[in-house]
Each structure stands twice: as C-alpha cells, then as structure tokens.
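The values are calculated or read from the model by the stated rules, or taken from the named source; none is laboratory data. Everything numeric here is computed off the predicted structure, so don't read it as measured data. Note that we place each Cβ from the backbone using ideal geometry, even for glycine, and neighbour counts take in every protein chain shown.
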C-alpha cells in the first residue's frame, strides 16, 4: 500500500466510462482546486482524447474542453481554495457556471473529496460511479488514496444511499439554478442504486458525511470501543487523538513529522513518518503523507475508513467532511495484516519515531495571512458591473474589515490592477471579455482566487471571449476542424498546421485545403452522427458573420439540411 511506483491510480483511468457509455453529469467535491487541473477532467471523463501537456496550452483545445464539459460538470470547493493559475487565460472565465465555492457559516472548511458521476448509453441505461478520495483537485505530489465504487440505476429507492443523496442536496444550494436542478436529479438517481459493487475482502459499506444536518462524528462509530487501531492522518489534534485511541490494545499511526506531539507519542504504541528516501522520485520533492485512513477491529467486525477527515478537532467538529466505511468479511483481514501491508519488514518507506521531534513553531506570518484572506472572503458582500460606454466599471462592496494586514483585490482577467480592498472598491475600464466572477485576493504577495457574485455581466460576455480567441477566419476554420476531429490529439496538431498555412495570407488559395478537409469531416459526421452538427451551430451563433464567411455558411447549410432529412 502507498507504493507510488507500482500502485498508482489516475483520474483518466478511474473516471473513464464503460464502452458504449458517455458522461451524463458529474459532481466533484474538493477542498482546494487548481483550475488547470480542472481543465484536465474532460479528458478523464472521455469527453476529449488525452493529449500531450504541451498541446493543453492550445487555446482552442482549452476552449473545446470547457465547451464539451460545461453543462455536464459541477465542482464545489472551499471558499478561498482556488489557486491562482500560472498562466491566466480568458477561457477560465467560462468555468464560472461549473465551479462553486462553499462558504460555511461557521468560517470553517468545506473539506470532502468525492466524485459522483452518472454515465448513460444510447438505450437510456445508466450507472453511477463514486470516487472517494483523500486527494484534492490539484497537482500536489503527496501520497493519497482513492476508492472507486459503481452501481446500476434501478426503479426503486434504497435508504442505504440516503447519505450520498443528502450530501448532494447540501451542496446543491451553493450552485446556480440550472446546475442545482441537475444535482437534485443526480441525488434522486443515486437513491435508486440497489448496491454498489465491492470486491473481496469487503462485504459491506456505509457512507458517512460529517458536518451536514443529520450527520456528525457519532454516526461514524470511529470513537466507539475498539480492540485495535491503525491510523494514517497527516494532521492531528490532541483531543481527537485521545478519544480515538481510548481503550484500544494495538495502536499504530502514520503521520507527518510536524504533527507529532507528546500526546500523540503517549497515545500510540508506534508512530511512523515517511522516510526522506521518498524524495528520490520523478517529482524531485519529498512525497509526504496526505492520505486519511483508519482501520479498526471492534466487537461488530473489522472496518476500514477512507476519505477526507484527519484525526483533528476541526475535521470531526467543525468542517464538512466525507468518509467511506468498508466492512471486512469475517477472518479476512486483521491488525497484523494491515500493519505488514503498510510497514513491511524490508524496504519500508516509513521510519519509526522514538521521541517527540523538536517542535516546529507556527509561522505567525502565515497565520496572519490566512486570517486576513478568510476575513476578506467573509466580508465581501458582492460586486456589480455597470456599463460605461464601450467598457464596464466594477464596484465591489465589502463590510468593514478590522485587519492589520493590507488586503488587495483585482479582477482575475486584469491581474495587474490591484486595489486596496475597501468598503467600496472600484475598477474602471474593464472590457466585456474581461468581466468575470473570478477575482484575485493578495496579502503579503500571497494570492488566491475567489468567486464574487457579480451583477450586470451581460449575456454576450461568453460570446466576447469566443470572439477574442477566434478572431480571424483562419482561426475559425482551424477550430471547426478541431471540433470535427475523430481524435483530438491529432486534431490539435492539424489545427496548428492549418493556422500555419493560412495565417500568412488569408485568401481562397490558402483556405482551400482546410475547407476541403472540413468538407470531408462534415460528410462523415452527417452519415455517422448528424447531431454533432449542433456543435458547429453553437460556435457559429457566437461569432461575427465576417469571421465565418458566406462560403462556409452555404456549405454548413447544405449539410444541416442533409442531416435533417437523415434524422426524419
């Protein structure tokens, strides 16, 4: 277990649909979110072919990734949990209707890591895949874990799935109206799963949200009487450690060096941390533990808990978390088996700690920065974009903040326009394509992305973004070629070559090979999948006629008429 070299999972493998199925709708829950990592999710769901990382920088590919997935994705993260992309692109604003921040009333953290994905085939048969992770939606290299479960949708409800449905219902209130309805429908579908498939050595499962109405730490039974305990938790609190280990006979912990206290050492028989040898990897950095896992041996049986909850006070008393509880078959797996799996006698990646390490003092500067950012997030009331000629002025309204730190803010698409955050902060001269609900907060050079509900963003903002990317006939034809490609990896390469051919001198001669290639692709699409022509129509309606050209409209109209005849 935790063998990064030989036991590695990837989103692309775990989220791929079965043959004959495609993604209908998916909801992801995460504490922190990297927007660049999110753009890779359509590949994982099979909506796009996997391409080389260099091709992911293609604005057309990014535009296509968002266009293909926007209506099928809803991702929820903790307020202030969005990291600032290294390379801000206008297409990120198109993610607004797929990303939602959860701002808990108690100023604590939304911390679950779960995927709910529904797949459907042409006959209407559907199944749901559930991924329960300890990993956030980022490029972090820490050691994490995941459990994948699948179940077929039936025609009656099963109460065993109510915790999953309740978790979805809970997050739905943070989404906009259209996505909220889809999430509620997904929750209803999950209730109709008779059982999720589990493999040997497990015989049963239980879903355990924490921190939402009706669900608390008592329901987990993690703190009830137990004989043995094997825990993996990077972050710890002394009060939880005491309650967790109370009465247990065998007690082992894998954690981070910085989390070890006197109480931790006294509460466990043995405490392990990752060896520095784990630095010798492709990442060039130490791979520390980020997984959360609890094995318990009790009178009722042996159980494995996996999910987001650390053995910390906030996790079990303040945050919103999620755990999956798996029950082992009788006499299959015990404490010794788990111990040997994680800590083998030979080549163990972990080392035993004999004494409390020298205390690592909290970084007071970082604590102050984190507090200032959180204070700002909870003080901001909203924003409004007001048209001023051809541009817009943005007004951000904020409650009074009592902070010794200087807090700055700017629209994400104008990253060098920082203003000190005041009760009314004004940004003037914002172009339509730059309007976004993503903003950057900065405290002492540390930046995070936040979302602010912004009134007044015109309905044609998305069209303006499309026009800023597809601003010539050559780019339009290249993008259409990419949309129609059977293989997106090859399509991106073709698009790049077509641009090279046409950008020098846009005329009929240079366009002819591209028009011919598009004609052949459209001919194939009309016979194999005529409904795909709607994708081209969606792009056409966003762009100006002079970019599209009369000749292309004439060709497209012919194919559209042919498709209608075939569909009758």
- Kindly list, by first and then second residue, each pair from a residue in region 261-287 that is more than 21 Å from residue 360 (Cα to Cα) to a residue that is surrounded by 12 or more Cβ atoms within 10 Å (Cβ to Cβ) and modelled with pLDDT of 95 or more, limited to pairs with Cβ atoms under 8 Å and residues at least 6 apart or on different chains. 269/250; 269/251; 269/252
- Task: Identify the single condition in (1) under 25 Å from residue 273 (Cβ atoms); (2) modelled with pLDDT of 95 or more that residue 320 does not satisfy, given that it satisfies every other one.
- Result: (1)
- Message: Looking at region 192-228 only, could you name the residues that are surrounded by 20 or more Cβ atoms within 10 Å (Cβ to Cβ) and farther than 25 Å from residue 333 by Cβ?
- Response: 193, 209, 211, 215
- Message: Which condition from (1) modelled with pLDDT of 95 or more; (2) out of contact with any helix residue (DSSP H, G or I) (no Cβ under 9 Å at 6 or more places or on another chain); (3) under 22 Å from residue 138 (Cβ atoms); (4) in a helix (DSSP H, G or I) is the one that residue 265 breaks?
- Response: (3)
- Task: Would you check which residues across region 9-33 are at pLDDT 85 or above, in a loop (DSSP other than H, G, I, E, B) and under 14 Å from the mean Cα position of the chain (by Cα) and list them?
- Result: 15, 30, 31, 32
- Could you check residue 342 against (1) modelled with pLDDT of 95 or more; (2) under 19 Å from residue 133 (Cα atoms) and say which number it fails? (1)
- Would you point out which residue out of 266, 331, 319 is crowded, with 16+ Cβ neighbours inside 10 Å and not assigned by TED's automatic domain parsing to the domain that holds residue 170? 319
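Just need a number here: residues in region 269-286 that are surrounded by fewer than 15 Cβ atoms within 10 Å (Cβ to Cβ) and at pLDDT below 90. Spell out the reasoning first.
Filtering region 269-286 down to residues surrounded by fewer than 15 Cβ atoms within 10 Å (Cβ to Cβ) leaves 269, 275-277, 279-285.
Now narrow it down to the ones that are at pLDDT below 90: 275-277, 279-285.
Residues that pass the stated criteria total 10.
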- When residues of region 357-382 are limited to those that are within 25 Å of the chain's Cα centre (by Cα) and outside any helix (DSSP H, G or I), the one surrounded by the most Cβ atoms within 10 Å (Cβ to Cβ): 380
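Taking the criterion of being within 27 Å of the chain's Cα centre (by Cα) and farther than 21 Å from residue 322 by Cα, would at least one residue in region 167-176 satisfy it? So that I can check it myself, show each step before the final result.
Step one: of region 167-176, the residues within 27 Å of the chain's Cα centre (by Cα) are 167-176.
If we keep only those that are farther than 21 Å from residue 322 by Cα too, we end up with 176.
Within region 167-176 (the criterion being within 27 Å of the chain's Cα centre (by Cα) and farther than 21 Å from residue 322 by Cα), the answer is yes, since at least one residue qualifies.
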- Message: Based on this model, can you work out whether residue 386 counts as closer than 22 Å to residue 99 by Cβ, outside any loop (DSSP other than H, G, I, E, B), modelled with pLDDT of 95 or more and not assigned by TED's automatic domain parsing to the domain that holds residue 32?
- Response: no
- Query: Inside region 219-243, can you point out the residues that are assigned to a helix (DSSP H, G or I), closer than 21 Å to residue 354 by Cα and either touching a strand residue (DSSP E or B) at 6+ places or on another chain (Cβ under 7 Å) or touching a residue at least 60 places away in the same chain (Cβ under 8 Å) (or both)?
  - Reply: 241
